[in-house]
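Notes for the one structure printed next.
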Amino acid sequence: MNAIKRLLGIVWLLLALAAAYFCIFIFGYPKFVSGKQEDLVFGIIILFVLTPLIVLGLGTFGYYALVGEYDDKK
C-alpha cells in the first residue's frame, strides 16, 4: 500500500504541472491579453489567485505522498 501511495505522489506532482500549464497558457494568459475588461478580470483571477492555489495544493500533497508522510507506521 505504501508503494501505491508513493506512486500516486508522482501522479499528483504531474497533475500539478499539467494544471500549471493549462491555467497559465490555456485559460489565463489569453484572457489576460485579449483587451476586453471582463476577460482581463477573469485572466487576473485565474493567473494570480486560482493557479497558485491549485498548483501549490496538488504539489504539496504529491510531495508529501512521495516522501512517505502518509505511510503506515507500525
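Tallying residues that are under 16 Å from V67 (Cα atoms) and of a type in the set (A, V, I, L, M) within the range 1-22 yields 9.
Filtering the range 29-71 to residues that are in a helix (DSSP H, G or I), surrounded by 12 or more Cβ atoms within 10 Å (Cβ to Cβ) and among the acidic types (D, E) leaves only D39. Applying a threshold of 7 Å to beta carbon distances and a minimum spacing of six or more residues, or different chains, the list of pairs starting in the range 32-56 at a residue that is without any contact (Cβ under 8 Å) to a residue 40 or more places away in the chain and ending at one that is in a helix (DSSP H, G or I) and loosely packed, with under 14 Cβ neighbours inside 10 Å reads F32/I44.
Bear in mind that the values in this text are calculations on the coordinates, not laboratory data. Please read all numbers here as calculations on a predicted model, not as lab measurements. As a convention, Cβ positions derive from the backbone with ideal geometry for all residues, glycine included, and neighbour counts pool all protein chains shown.
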